[in-house]
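Accompanying notes for the structure given below.
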Amino acid sequence: MTTEEHIMKGLETVLLPGVGRSLVKMNLVREVNVDDNRADITISSAALGPLDQEWITHQVKAVVGTDIKNVDVRFIEGKPQDLNEIGNIIAVMSGKGGVGKSLVASLTAVALRRQGYEVGILDADITGPSIPKMFGITDRPTGSDSGILPVSSKSGIEIMSINLLLANEDDAVVWRGPLIGRAITQFWEEVLWGKLDYMIVDLPPGTADAPLTVMQTLPVSGVIIVFTPQDLTAMIVRKAVRMTQHMGKSVLGVIENMSYLHIPEIEKKIELFGRSRANEMAQATQAPLLGQLPIDPELARLCDDGDIERYDSEIVTDIGESLTKAIQAKAS
């Protein structure tokens, strides 16, 4: 006998076009009722165009099975912000540009995805977006008047970036602060993220409009601070830490990028940018050191080729495990 539970299990196999995640994971299934030989299935139309709705209706009826003779698929209006269920929102931040925030945001998402979590990346670096390039994504987001659908990476990480909306990826975004803030707000409120365990927010450098918008608009669970060994960088990063604390957000951990260059032939680590300040920064922020990323030509090549998800290193695994431990410790 077909039950609501059986139908929900079947709906988990119906993947949303362009996203590659199921109707259930996108939180579009609003109600399922089974009575004798009739099934009434209600789905939200948020971000779905007419062709999407027609295709979904056909797929839903196909997975219900032959036990149910009458299947009624009904669409109701909805807004993405009412459907999105996101467990943890983690902002990746630094007071200085060029320290590798986008790299850390991407590797953090990859690490969490490898642990089996549902992950999304909101690229809040509106004037300098680089996330799509590292993931090799060129597809444009789809949607409707009621919302936008994110684009999924090869491993299933949902991504939304301004670069995916531009006619050419090299086009410059010449906007003032209010427009940048509005774009970030739209990425949060008007994109159908669905059910996610983690959302990683890649922030632009500094402590001005964009970081302020994220801290005030999004329910940020915590912040990862990124830095490099130079003394100047450490001083500027402290400003980001103070902003985080001023906004009432916690620092989940720190990550040192470009920490060293490993030469495997002689098994030696060379600190090209000076001695490591990893432990010093961890003590200053009273947060755990989540990891130290080396200067790795292989990682640089994979980022340039759009294959960051193929990066195979224990460092990535360690970052993911350290981060989940920090979040669990914060929650307890």
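The values are calculated or read from the model by the stated rules, or taken from the named source; none is laboratory data. These figures come from a predicted structure and were not determined experimentally. Virtual Cβ from ideal backbone geometry, glycine too; neighbours counted across all protein chains shown.
Of everything in region 173-221 that's charged (D, E, K, R) and modelled with pLDDT under 90, which residue is surrounded by the most Cβ atoms within 10 Å (Cβ to Cβ)? Reasoning before the result, please.
Step one: of region 173-221, the residues charged (D, E, K, R) are 176, 182, 189-190, 195, 197, 202, 209.
From what is left, the residues that are modelled with pLDDT under 90 are 176, 209.
Values: R176: 8, D209: 18.
By that ranking, first place goes to D209.
Can we say I308 is β-branched (V, I, T) and either modelled with pLDDT of 95 or more or in contact with a Ser or Thr (Cβ under 6 Å, 6 or more places away or on another chain) (or both)? Write out each step before concluding.
Working: β-branched (V, I, T): yes; either modelled with pLDDT of 95 or more or in contact with a Ser or Thr (Cβ under 6 Å, 6 or more places away or on another chain) (or both): yes.
When the stated conditions are applied, I308 passes them.
With the requirement that a residue be among the polar types (S, T, N, Q) and either part of a loop (DSSP other than H, G, I, E, B) or modelled with pLDDT of 90 or more (or both), what does region 275-295 give you? Spell out how you get there, then give the answer.
Our first condition is that a residue be among the polar types (S, T, N, Q); within region 275-295, this holds for 276, 279, 283, 285-286, 292.
Matches in region 275-295: S276, Q286, Q292.
If you take the residues in region 252-270 that are of a type outside the set (A, V, I, L, M) and at pLDDT 85 or above, which one is nearest to the chain's Cα centre (by Cα)?
Initial filter on region 252-270 (of a type outside the set (A, V, I, L, M)): 253, 256-257, 259-260, 262, 264-265, 267-269.
Of the ones still in play, those that are also at pLDDT 85 or above are 253, 256-257, 259-260.
Details: G253: 18, E256: 21, N257: 20, S259: 25, Y260: 27 Å.
So, considering only residues that are of a type outside the set (A, V, I, L, M) and at pLDDT 85 or above, the one nearest to the chain's Cα centre (by Cα) is G253.
Within the bounds of region 87-110, is there any residue that is out of contact with any strand residue (DSSP E or B) (no Cβ under 6 Å at 6 or more places or on another chain), at pLDDT 95 or above and more than 28 Å from D170 (Cα to Cα)?
no
Which one of K133, K154 is assigned by TED's automatic domain parsing to the domain that holds D304 and within 26 Å of G49 (Cα to Cα)? Walk me through it before giving the result.
Values: K133 fails: within 26 Å of G49 (Cα to Cα).
After ruling out the rest, the residue left standing is K154.
Within region 282-290, is even one residue surrounded by 16 or more Cβ atoms within 10 Å (Cβ to Cβ), in the same structural domain as K96 (by TED's automatic domain parsing), closer than 24 Å to F135 by Cβ and touching a strand residue (DSSP E or B) at 6+ places or on another chain (Cβ under 6 Å)?
Filtering region 282-290 for residues surrounded by 16 or more Cβ atoms within 10 Å (Cβ to Cβ) gives 282, 284-285, 287-290.
Subset that is in the same structural domain as K96 (by TED's automatic domain parsing): 282, 284-285, 287-290.
Then keep just the ones that are closer than 24 Å to F135 by Cβ; that gives 290.
Then keep just the ones that are touching a strand residue (DSSP E or B) at 6+ places or on another chain (Cβ under 6 Å); that gives 290.
Yes; the residues of region 282-290 include at least one that is surrounded by 16 or more Cβ atoms within 10 Å (Cβ to Cβ), in the same structural domain as K96 (by TED's automatic domain parsing), closer than 24 Å to F135 by Cβ and touching a strand residue (DSSP E or B) at 6+ places or on another chain (Cβ under 6 Å).
Quickly run through region 44-80 and pick out the residues that are over 25 Å from the mean Cα position of the chain (by Cα) and on the phi > 0 side of the Ramachandran plot.
As a first pass, look at region 44-80 and keep what is over 25 Å from the mean Cα position of the chain (by Cα): 50-51, 53-77.
The one that is over 25 Å from the mean Cα position of the chain (by Cα) and on the phi > 0 side of the Ramachandran plot: G65.
Which numbered condition trips up L164, out of (1) surrounded by 20 or more Cβ atoms within 10 Å (Cβ to Cβ); (2) touching a residue at least 40 places away in the same chain (Cβ under 8 Å)?
Unmet condition: (2).
Against the condition loosely packed, with under 13 Cβ neighbours inside 10 Å, in contact (Cβ under 8 Å) with a residue 24 or more places away in the chain and touching a helix residue (DSSP H, G or I) at 6+ places or on another chain (Cβ under 9 Å), how does N33 come out, does it pass?
Details: loosely packed, with under 13 Cβ neighbours inside 10 Å: yes; in contact (Cβ under 8 Å) with a residue 24 or more places away in the chain: yes; touching a helix residue (DSSP H, G or I) at 6+ places or on another chain (Cβ under 9 Å): yes.
Answer is yes for this residue.
Among the residues of region 256-274, count how many are closer than 28 Å to R242 by Cα and part of a strand (DSSP E or B).
1
Does region 198-217 hold any residues that are assigned to a loop (DSSP other than H, G, I, E, B) and among the aliphatic types (A, V, I, L, M), and which are they? Explain how you work it out, then say what you get.
If we filter region 198-217 for residues that are assigned to a loop (DSSP other than H, G, I, E, B), which is where we start, we get 203-208.
Scanning region 198-217 gives L203, A208.
Within region 313-331, does at least one residue satisfy the condition of being loosely packed, with under 13 Cβ neighbours inside 10 Å and outside any helix (DSSP H, G or I)?
No, the conditions are met nowhere in region 313-331.
T108 is checked against (1) surrounded by fewer than 17 Cβ atoms within 10 Å (Cβ to Cβ); (2) among the polar types (S, T, N, Q); (3) within 22 Å of the chain's Cα centre (by Cα) and fails just one. What number does that condition carry?
Evaluating T108 over (1) surrounded by fewer than 17 Cβ atoms within 10 Å (Cβ to Cβ); (2) among the polar types (S, T, N, Q); (3) within 22 Å of the chain's Cα centre (by Cα) leaves (1) as the failure.
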